[in-house]
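In what follows, a single structure is set out as structure tokens and then discussed.
The values are calculated or read from the model by the stated rules, or taken from the named source; none is laboratory data. Note that this is a predicted model, so its numbers are computed, not measured. Cβ coordinates were reconstructed from backbone atoms using ideal geometry, including for glycine residues, and neighbour counts include every protein chain displayed.
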Amino acid sequence: MRYLNISCLIALVFLLSSCSKEDGPGIVSGDGFIIDHSCTKLAAIPSEWIEEAKSNLHIAYGHTSHGSQLTEGMSGLVSFKGPTFSWNNGGTGGSLDLHDYAMSGDLGNPDRTSWAERTRTYLAANPDVNVIIWSWCGQVSDATESNINTYLSLMEGLENDYPGVAFVYMTGHLDGSGLNGNLHIRNEQIRSFCRRNGKILYDFADIESYNPDGVWFGDRNADDGCNYDTDGNGTLDGNWAVEWQNAHTRGVDWYDCTAAHTQPLNANQKAYAAWWLWARIAGWDGN
């Protein structure tokens, strides 16, 4: 009986340690995934993982105008699909707990480092928060390799100091400079780092490079407004979002919503991808 009690005690200690917050909400240390255009099918997210996210995640989001596309899209989604996708600061009424504009500025405003210290200050005052996400607002376009290395290093520093928090990396929005532009090169730097090191990446640029049918506009100098070059003459004379919206039914295939710098469909896609992100962080394997 003594040996049985010792065995039970060991099993209990192991169970408690495996449920520790040290690895973050549903994330095993070292795990990572990329949220991109392939993660925009809302119906593919199991309802139980939507509920798991609403039950367990406490999210703080720092951004300025471009980053608002996620939350503007998420707000419109509630009207489009119902209270299953509701969110607010505090998570009241069974909603997702998401503190929008939790920290002032963005990843490049007022400079390229203040966001990290603001994150530390915020987490000290809000120890229940277990997800941190920041967005860019144009600053990847003129970033140097060193600038991006600074961003990546600061993110890793936060991850090391707050192992119970999931930190979400992000690419910069499209700017019309195409595959040979600095933006694409710097975004690839971020993507490569995240793949190699098992990080969580919300690929903002990739999401707005595709329409809902999976047609790619990344090689047509697409920009953040969904404008693109239809014939290779250097003029952005098409708009993939407007074209898709006009060919489909509003309120059925897509929904109207506020969308800073862009079209509603782009914010729709960003919202769908955001819910994939929350579900994955909560523990869903994406299948």
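Of the residues making up the stretch 124-137, those that are in contact (Cβ under 8 Å) with a residue 60 or more places away in the chain and over 17 Å from the mean Cα position of the chain (by Cα) are ASN126, ASP128. Out of the residues in the stretch 64-90 that are at pLDDT below 95 and not polar (S, T, N, Q), which is nearest to ILE133 (Cα to Cα)? Checking each candidate, the answer is GLY67. Evaluating ALA125 against the criteria (1) over 30 Å from THR235 (Cα atoms); (2) surrounded by 17 or more Cβ atoms within 10 Å (Cβ to Cβ) leaves one unmet condition, (2).
Checking the stretch 138-148 against the condition returns no match, with no residue being under 25 Å from ALA279 (Cα atoms) and either touching a helix residue (DSSP H, G or I) at 6+ places or on another chain (Cβ under 7 Å) or without any contact (Cβ under 8 Å) to a residue 12 or more places away in the chain (or both). The requirement of being part of a strand (DSSP E or B) and at pLDDT 95 or above is not satisfied by LEU265.
Annotation note: of THR262, THR235, the sole residue that is polar (S, T, N, Q) and either crowded, with 21+ Cβ neighbours inside 10 Å or touching a Ser or Thr at 6+ places or on another chain (Cβ under 7 Å) (or both) is THR262.
When we screen ASP111, ASP175, ASP161 for residues that are surrounded by fewer than 17 Cβ atoms within 10 Å (Cβ to Cβ), of a type in the set (D, E, K, R) and either touching a helix residue (DSSP H, G or I) at 6+ places or on another chain (Cβ under 8 Å) or within 30 Å of ASP219 (Cα to Cα) (or both), the only hit is ASP161. Taking the numbered list (1) modelled with pLDDT under 95; (2) surrounded by fewer than 20 Cβ atoms within 10 Å (Cβ to Cβ); (3) out of contact with any His (no Cβ under 7 Å at 6 or more places or on another chain) in turn, LEU42 passes all entries but (1). For the stretch 111-123, the set of residues classified as part of a helix (DSSP H, G or I) and touching a residue at least 24 places away in the same chain (Cβ under 8 Å) consists of TRP115, ALA116, ARG118, THR119, ARG120, TYR122, LEU123, listed by residue number.
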